[in-house]
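The values are calculated or read from the model by the stated rules, or taken from the named source; none is laboratory data. None of these values were measured; they are calculated from a predicted model. Here Cβ is always computed from backbone atoms with ideal geometry, including for glycine, and neighbour counts include all displayed protein chains.
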Protein chains: 2
Amino acid sequence: MVTSTTDAQFSDSKTVISVDVMGGDNGAVSVVDGMAKSSGINPDIRFIAHGDGEELKRLIDRRSVLRDRVVIKHAAKVIDMHTRPSQVMRNGEGTSMWSALGSIRDREASVAVSCGNTGALMGLSMIRLRRTPGIKRPAIAILWPSLNLQGFNVMLDVGADIRADAHDLKVFALMGVSYARNGLGLNRPRIGLLNVGTENHKGRPELHEANDMITADARTNDFEYVGFVEGGDIPSDRVDVIVTDGFTGNVALKTGEGTALLVGTRMRQAFEYSPLSRIASLLAYTSLRRMRHRIDPRRVNGGVFLGLNGTVIKSHGAADATGVSAAIKLAFQLAEQGFTERLAARVASGIQNSQDEYPAQADEAANT
Amino acid sequence: MVTSTTDAQFSDSKTVISVDVMGGDNGAVSVVDGMAKSSGINPDIRFIAHGDGEELKRLIDRRSVLRDRVVIKHAAKVIDMHTRPSQVMRNGEGTSMWSALGSIRDREASVAVSCGNTGALMGLSMIRLRRTPGIKRPAIAILWPSLNLQGFNVMLDVGADIRADAHDLKVFALMGVSYARNGLGLNRPRIGLLNVGTENHKGRPELHEANDMITADARTNDFEYVGFVEGGDIPSDRVDVIVTDGFTGNVALKTGEGTALLVGTRMRQAFEYSPLSRIASLLAYTSLRRMRHRIDPRRVNGGVFLGLNGTVIKSHGAADATGVSAAIKLAFQLAEQGFTERLAARVASGIQNSQDEYPAQADEAANT
């Protein structure tokens, strides 16, 4: 029998994650495997799983570690990777994604995880959860392997929208501060604004305006603003949070992934070159695996949608069990910390503070 | 004695490269070392060297391989890396950069090479050489290590301007075709337009318009248009030329460099981890060096300024002798092929063709 209650409750007061099990490239199996993996590591997680009821029941029943830890909600429809966002807006109801977001809206769960279509997920999230007061454009934040002490930087927006004006960038900075605190445990994160140079005269007009606004904010919001940063600083230890518009952020993210792939391919070819290099690769295996682990994107799988009344995590469409489990781990951590409420409070206070301060001190601030 | 003739001529009819010897991070020594290295490999290159006459004479006289192959033009002033472009425009005259471009304008040399400030070099190039007819925005094209057969893709613009409209992007595509032919020897290069997704509805309006225009051009201009590409495709074998605006291109380029640096650092750390891994690194040394060579950015040092009446190559500011020599090699190759004239002819014919064709077939083309 499929559990299909509309008021899913667990008898124990554990942290509940809402999971859209359908819509990823690898189907429901990888997602359920990821849930099982997370459940094995952290027995305190509970799930509401959304998707085809019969299929989910079959997959979940096979994994004893998930017993009594999952409530299934049947949703007959699935949004595939190639559906246009505009079509999703009209026909989203009844899909597993719609249902997963409903569990957040109805406060059955704190955080939702989906491997589905990013544009569809953002569109439906805006409809079902609505934006946090004061936020015009939500953003997607990701963790980026870096030379930092914590091993990762935050970058936002990486593709919620293709545009961002100065006010949006300023709000991204505030949201980034909140995420760096709750996601990375940094007390006083360093924020940088992505540009084509670090000098004040470089770049587009909206970046100059945002530079002034964030400089003013930094004084009242307990973060450090390092000013403009360049593409080369993204994986560096110069900053903890990189702020940019969704077009530039998306291109940068994918360029970084592509470059890492190129280096990996060339390395494999170099080690396959001769019998001697093949022997060397056996000896180097442990070291190379250690390196690969430190920059493995699956370990930090999960773009977080910021600026909505509820936290949504977009897992990579092609995520395997390890990737899905990483996204669930992040979801659990943010849920435990009451991240949604903290972020809303920070943005509200940041906007309030800067309305007091801005623009009186902005020109002065720009020259410091 | 310093040679300081205004009509520098070599008695033999060799290819002459104009070199701005000053203004790089490592001073004149690295640049002269690079010239000597090139001269050792290719005895057919002749140089006009611009900079402090006394210093240049001293440096050049020390290298016998440069004997009778260099004419020195004295220029007392140097543009440093931190001068604002606007200041350069007012005070550029009398600098080594100004002088190096003068040799192109006066047809004493075919191609100029400089390690100086990019913004200043582009600004002075536009003043001294002027734009090719039909080109509103010149672009900077670089070679990017890739999984292609030729090992490199072309990307433009990587920072001549922070803006580009649909017409500019279309012209970038035509210039990219010309550069791929003459710089990489590709007969029928594949062109891609950088976006946040490959679907037709993704991205900014000017990208949709440019997509239509380039689709129409491809039919009459003997190149293949693969449509939208993503950041991950830049180092791939899906395309040969990536077209984008200078803001996005600059961020992508630096992000790629930063990512490669991160991977390299993590690899070094992994091999320094234990005595055993240190032994493994000795055995892996040849393989790693082979890999590093294939993706070494110094091998393809040189951003080429396209769209001016003359070809200018911007070498990396921190280039060593190997880097400078790579830029000179590229300069020689382009000079030998009459690249400036070929590019101008291609753009003129491309614009002519598309004026005949566009917009009649554009809407149809957009849907193919």
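Provide a single number: the residues in region A:216-265 that are buried (at least 20 other Cβ atoms within 10 Å of the Cβ) and assigned to a helix (DSSP H, G or I).
Final tally of qualifying residues: 20.
In region A:92-124, how many are basic (Lys, Arg) and surrounded by 23 or more Cβ atoms within 10 Å (Cβ to Cβ)? First the steps, then the outcome.
Step one: list which residues in region A:92-124 are basic (Lys, Arg), which gives A:105, A:107.
With the extra rule that they be surrounded by 23 or more Cβ atoms within 10 Å (Cβ to Cβ), the set shrinks to none.
Within region A:92-124, residues that are basic (Lys, Arg) and surrounded by 23 or more Cβ atoms within 10 Å (Cβ to Cβ) number 0.
What pairs can you find where one residue is in region A:43-70 and on the phi > 0 side of the Ramachandran plot, the other is of a type outside the set (Asp, Glu), and their Cβ atoms are less than 7 Å apart, with a gap of 6+ or different chains?
So the pair list comes out as A:GLY51/A:VAL21; A:GLY51/A:MET22; A:GLY51/A:ALA28; A:GLY51/A:ALA75; A:GLY51/A:SER96.
Every residue, every condition in (1) farther than 21 Å from A:GLY303 by Cβ; (2) within 14 Å of chain B (Cβ to nearest Cβ), yes or no:
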position	(1), (2)
A:TYR179	no, no
A:GLY185	no, no
A:LYS202	yes, yes
A:GLU209	yes, no
A:ALA216	yes, no
A:GLU224	yes, no
A:PRO235	no, yes
A:VAL239	no, yes
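Can you tell me which residue within region B:217-259, out of those that are among the hydrophobic types (A, V, I, L, M, F, W, C) and in contact with a Ser or Thr (Cβ under 8 Å, 6 or more places away or on another chain), is nearest to B:PRO205 (Cα to Cα)? So that I can check it myself, show each step before the final result.
Filtering region B:217-259 for residues among the hydrophobic types (A, V, I, L, M, F, W, C) gives B:218, B:223, B:226, B:228-229, B:234, B:239, B:241-243, B:247, B:251-253.
Filter once more, keeping what is in contact with a Ser or Thr (Cβ under 8 Å, 6 or more places away or on another chain): B:228-229, B:234, B:247, B:251-252.
Values: B:PHE228: 13, B:VAL229: 16, B:ILE234: 22, B:PHE247: 17, B:VAL251: 20, B:ALA252: 20 Å.
My answer is B:PHE228.
Is it the case, given these coordinates, that B:ILE41 is buried (at least 21 other Cβ atoms within 10 Å of the Cβ) and either closer than 21 Å to B:LEU334 by Cα or in contact with a helix residue (DSSP H, G or I) (Cβ under 8 Å, 6 or more places away or on another chain) (or both)? Talk me through it step by step, then tell me what you get.
Details: buried (at least 21 other Cβ atoms within 10 Å of the Cβ): no; either closer than 21 Å to B:LEU334 by Cα or in contact with a helix residue (DSSP H, G or I) (Cβ under 8 Å, 6 or more places away or on another chain) (or both): yes.
Considered against the rule, which asks whether it is buried (at least 21 other Cβ atoms within 10 Å of the Cβ) and either closer than 21 Å to B:LEU334 by Cα or in contact with a helix residue (DSSP H, G or I) (Cβ under 8 Å, 6 or more places away or on another chain) (or both), B:ILE41 comes out as no.
Does B:ILE60 meet the test of being in a helix (DSSP H, G or I), touching a Leu at 6+ places or on another chain (Cβ under 8 Å) and buried (at least 18 other Cβ atoms within 10 Å of the Cβ)? Steps first, answer last, please.
Values: in a helix (DSSP H, G or I): yes; touching a Leu at 6+ places or on another chain (Cβ under 8 Å): yes; buried (at least 18 other Cβ atoms within 10 Å of the Cβ): yes.
The answer is yes for B:ILE60.
Could you check A:HIS293 against (1) part of a helix (DSSP H, G or I); (2) closer than 19 Å to A:ARG163 by Cα; (3) more than 7 Å from chain B (Cβ to nearest Cβ) and say which number it fails?
So the condition that A:HIS293 fails would be (2).
Could you tell me which numbered condition A:ALA260 fails, if it satisfies all but one of (1) in contact with a Lys or Arg (Cβ under 9 Å, 6 or more places away or on another chain); (2) among the hydrophobic types (A, V, I, L, M, F, W, C); (3) more than 29 Å from A:ALA348 (Cβ to Cβ)?
Failing condition for A:ALA260: (1).
Please state which one of B:ALA141, B:ALA210, B:ALA173 is in contact with a Leu (Cβ under 7 Å, 6 or more places away or on another chain) and closer than 13 Å to B:VAL241 by Cα. Step through it out loud before you land on a result.
Values: B:ALA210 fails: closer than 13 Å to B:VAL241 by Cα; B:ALA173 fails: in contact with a Leu (Cβ under 7 Å, 6 or more places away or on another chain).
Sole residue among the options that is in contact with a Leu (Cβ under 7 Å, 6 or more places away or on another chain) and closer than 13 Å to B:VAL241 by Cα: B:ALA141.
Say whether the condition of being in a helix (DSSP H, G or I) and either surrounded by fewer than 23 Cβ atoms within 10 Å (Cβ to Cβ) or not assigned by TED's automatic domain parsing to the domain that holds B:GLY246 (or both) is met by at least one residue in region B:129-141. Don't jump to the end; show me each part of the working.
First, the residues of region B:129-141 that are in a helix (DSSP H, G or I): B:129.
Next cut, either surrounded by fewer than 23 Cβ atoms within 10 Å (Cβ to Cβ) or not assigned by TED's automatic domain parsing to the domain that holds B:GLY246 (or both) only: B:129.
Looking for residues that are in a helix (DSSP H, G or I) and either surrounded by fewer than 23 Cβ atoms within 10 Å (Cβ to Cβ) or not assigned by TED's automatic domain parsing to the domain that holds B:GLY246 (or both), one finds at least one in region B:129-141, hence yes.
Could you please find all residues in region B:12-62 being among the basic types (Lys, Arg) and over 23 Å from B:LYS77 (Cβ atoms)? I'd like the intermediate steps shown before the answer.
Kept after step one, since they are among the basic types (Lys, Arg), are these residues of region B:12-62: B:14, B:37, B:46, B:57-58, B:62.
Of everything in region B:12-62, those that are among the basic types (Lys, Arg) and over 23 Å from B:LYS77 (Cβ atoms) turn out to be B:LYS14, B:LYS37, B:ARG46, B:ARG62.
Tell me which helices (runs of 4 or more DSSP H) are completely within region B:297-368 and hold 1 or more residues being modelled with pLDDT of 85 or more, or say none if there are none. Reasoning before the result, please.
Details: elements: B:321-336, B:339-357, B:362-366.
Qualifying helices (runs of 4 or more DSSP H): B:321-336, B:339-357.
How many residues does region A:173-186 contain that are out of contact with any helix residue (DSSP H, G or I) (no Cβ under 9 Å at 6 or more places or on another chain) and in a helix (DSSP H, G or I)? Explain how you work it out, then say what you get.
Quick first cut of region A:173-186, residues out of contact with any helix residue (DSSP H, G or I) (no Cβ under 9 Å at 6 or more places or on another chain) only: A:176, A:180, A:184-185.
Subset that is in a helix (DSSP H, G or I): A:176, A:180, A:184.
Qualifying residue count for the region: 3.
Being surrounded by 17 or more Cβ atoms within 10 Å (Cβ to Cβ), in the same structural domain as B:GLU257 (by TED's automatic domain parsing) and on the phi > 0 side of the Ramachandran plot narrows it down to one of B:GLY159, B:GLY176, so name that one. Talk me through it step by step, then tell me what you get.
Numbers: B:GLY176 fails: on the phi > 0 side of the Ramachandran plot.
So the residue among B:GLY159, B:GLY176 that is surrounded by 17 or more Cβ atoms within 10 Å (Cβ to Cβ), in the same structural domain as B:GLU257 (by TED's automatic domain parsing) and on the phi > 0 side of the Ramachandran plot is B:GLY159.
Would you say B:GLU199 is in a loop (DSSP other than H, G, I, E, B), more than 26 Å from B:GLY53 (Cβ to Cβ) and not polar (S, T, N, Q)?
For B:GLU199, the condition - in a loop (DSSP other than H, G, I, E, B), more than 26 Å from B:GLY53 (Cβ to Cβ) and not polar (S, T, N, Q) - is met.
Out of the residues in region A:21-38 meeting the condition of being more than 9 Å from A:ASP320 (Cα to Cα) and buried (at least 24 other Cβ atoms within 10 Å of the Cβ), tell me which one is modelled with the lowest pLDDT.
This residue is A:GLY23.
Could you say which residue among B:GLY92, B:GLY123, B:GLY116, B:GLY51 is more than 25 Å from A:GLU199 (Cα to Cα) and of a type in the set (Gly, Ala, Ser)?
Numbers: B:GLY92 fails: more than 25 Å from A:GLU199 (Cα to Cα); B:GLY123 fails: more than 25 Å from A:GLU199 (Cα to Cα); B:GLY116 fails: more than 25 Å from A:GLU199 (Cα to Cα).
Matching residue, one of B:GLY92, B:GLY123, B:GLY116, B:GLY51: B:GLY51.
Could you tell me which of the residues A:PRO145, A:PRO133, A:PRO138 is within 14 Å of chain B (Cβ to nearest Cβ) and in contact (Cβ under 8 Å) with a residue 24 or more places away in the chain?
Going through A:PRO145, A:PRO133, A:PRO138 in turn, the sole match is A:PRO145.
For B:TYR273, are the conditions met, namely being facing chain A (nearest Cβ under 7 Å), of a type in the set (Phe, Trp, Tyr) and either touching a His at 6+ places or on another chain (Cβ under 8 Å) or surrounded by fewer than 21 Cβ atoms within 10 Å (Cβ to Cβ) (or both)?
Numbers: facing chain A (nearest Cβ under 7 Å): yes; of a type in the set (Phe, Trp, Tyr): yes; either touching a His at 6+ places or on another chain (Cβ under 8 Å) or surrounded by fewer than 21 Cβ atoms within 10 Å (Cβ to Cβ) (or both): yes.
It is true that B:TYR273 is facing chain A (nearest Cβ under 7 Å), of a type in the set (Phe, Trp, Tyr) and either touching a His at 6+ places or on another chain (Cβ under 8 Å) or surrounded by fewer than 21 Cβ atoms within 10 Å (Cβ to Cβ) (or both).
Residues of region B:241-270 being more than 7 Å from chain A (Cβ to nearest Cβ) and of a type in the set (Lys, Arg), which ones?
Of everything in region B:241-270, just one residue is more than 7 Å from chain A (Cβ to nearest Cβ) and of a type in the set (Lys, Arg), namely B:ARG268.
Considering only residues that are over 17 Å from B:ARG266 (Cα atoms) and among the hydrophobic types (A, V, I, L, M, F, W, C), which ones fall in region A:254-286?
A:ALA270, A:PHE271, A:LEU276, A:ILE279, A:ALA280, A:LEU282, A:LEU283
If you go through region B:158-180, how many residues are among the charged types (D, E, K, R) and free of Cβ contacts under 8 Å to residues at least 60 places away in the same chain? Give the derivation first.
Just the residues of region B:158-180 that are among the charged types (D, E, K, R), to begin with: B:161, B:163, B:165, B:168, B:170.
Applying the additional criterion that residues be free of Cβ contacts under 8 Å to residues at least 60 places away in the same chain yields B:165.
Total meeting the criteria: 1.
Which one is surrounded by the most Cβ atoms within 10 Å (Cβ to Cβ) among residues in region B:67-86 that are of a type in the set (A, V, I, L, M, F, W, C) and at pLDDT below 95? Give the derivation first.
First pass over region B:67-86, keeping only residues of a type in the set (A, V, I, L, M, F, W, C): B:70-72, B:75-76, B:78-79, B:81.
If we keep only those that are at pLDDT below 95 too, we end up with B:76, B:78-79, B:81.
Details: B:ALA76: 11, B:VAL78: 20, B:ILE79: 26, B:MET81: 15.
Among those residues, the one meeting the criterion is B:ILE79.
Of the numbered conditions (1) among the hydrophobic types (A, V, I, L, M, F, W, C); (2) surrounded by 19 or more Cβ atoms within 10 Å (Cβ to Cβ); (3) in a helix (DSSP H, G or I); (4) out of contact with any Asp or Glu (no Cβ under 8 Å at 6 or more places or on another chain), B:MET89 satisfies every one except a single condition; which is it?
Condition not satisfied by B:MET89: (2).
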